[in-house]
1. Any chance you could run the full-extension gain for Asp47 through Thr13? It's 0.36 nm times the residue separation minus the Cα-Cα distance, nm to one decimal.
2. If each of Ile188 and Arg82 carries a label point 7 Å out from its Cα toward its Cβ, how far apart are those two points in nm?
3. Taking 0.36 nm per intervening residue step and subtracting the Cα-Cα distance, what contour gain separates Ser117 from Glu59 on full extension?
4. For q values of 0.25, 0.33 Å⁻¹, compute log₁₀ I(q)/I(0) with the Debye formula on a Cα-only model of region 145-192, without solvent.
5. Which distance in nm do the two modelled labels at Lys173 and Glu75 give, with both placed 7 Å along the Cα-to-Cβ direction?
6. Counting other Cβ atoms within 10 Å, which trypsin sites (Lys or Arg not before Pro) in region 1-88 have at most 16 and lie in a DSSP loop?
7. Can you tell me which aspartates and glutamates have their Cα less than 12 Å from the Cα of Lys184? Leave out same-chain residues fewer than eight positions away.
Amino acid sequence: MAFPAARGVTELTVLAPDHPWLLSTIAGACAVAGANIVDAQIFTTTDGRALDTISVSREFELDADEARRAARIIETIERALRGDLKLPEVVAKRETAKTRLKAFAVLPEVTINNGWSNRYTMVEVTGLDRPGLLFELTATLSKLSLNIASAHVATFGERVVDVFYVTDLFGAKITSATRQATIKRALITLLSPPPAAPARPATAAAMG
């Protein structure tokens, strides 16, 4: 379902069987469709279903035009959920094609806290926003065998602050200091810009 909203966003609601890669799949599909996610909240029901509310930046002023765009985004999400899209490859192509110049640097930060929830471990991620970032973050968490029970995503210009409430695959908090360090290291690596390629010496370039 899609609901064009007056405050500059359109809300997409997805109800599907829950699994660790669900939010990552939805985020990747939105990236493929060119939809910029500005907020995402996911909840898991007791019967094993996930109810995800995804807010994307509105593109059209008229509700009818925005509703048609939302329908295209939903179709892309459904294709991704069916496995008809190879998301890592398609998202990577879009990210390369839409690379944009960043106005300033944002130092990556990752905070892990077990005191904010009785059931979940909170992982807060701060960094520089880029196309497909939510897909990359959620894919990384899933690769680390973490189940995302709830997520709250916000963007402030070039800066993104994403908060994930996670457990391990058995539903337990992440209490091991070693595993927490592994999570932080993986996310910081993801958020850190790649090192600039060294310039080729003029003589080497001339020689071929």
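Quick note: the coordinates plus some simple rules give every number you see, no bench work behind them. Computed from a prediction, not measured in an experiment: that's the story for all the values here. Glycine also receives a Cβ, built like all others from the backbone with ideal geometry; neighbour counts cover every protein chain displayed.
1. Working: separation 34, 0.36 × 34 = 12.24 nm, distance 1.78 nm.
Length gained between Asp47 and Thr13: 10.5 nm.
2. 4.3 nm
3. Working: separation 58, 0.36 × 58 = 20.88 nm, distance 3.59 nm.
Computed gain between Ser117 and Glu59 is 17.3 nm.
4. Per q value, in the given order, log10 I(q)/I(0) is -1.06, -1.19.
5. Distance between the two pseudo-spin positions: 4.6 nm.
6. Values: sites: Arg7, Arg49, Arg58, Arg68, Arg69, Arg72, Arg79, Arg82, Lys86; in loops: Arg7, Arg58, Lys86.
Filter output for region 1-88: Arg7, Lys86.
7. Counting by Cα, and skipping residues close in sequence, Lys184 has these aspartates and glutamates nearby: Glu109, Glu124.
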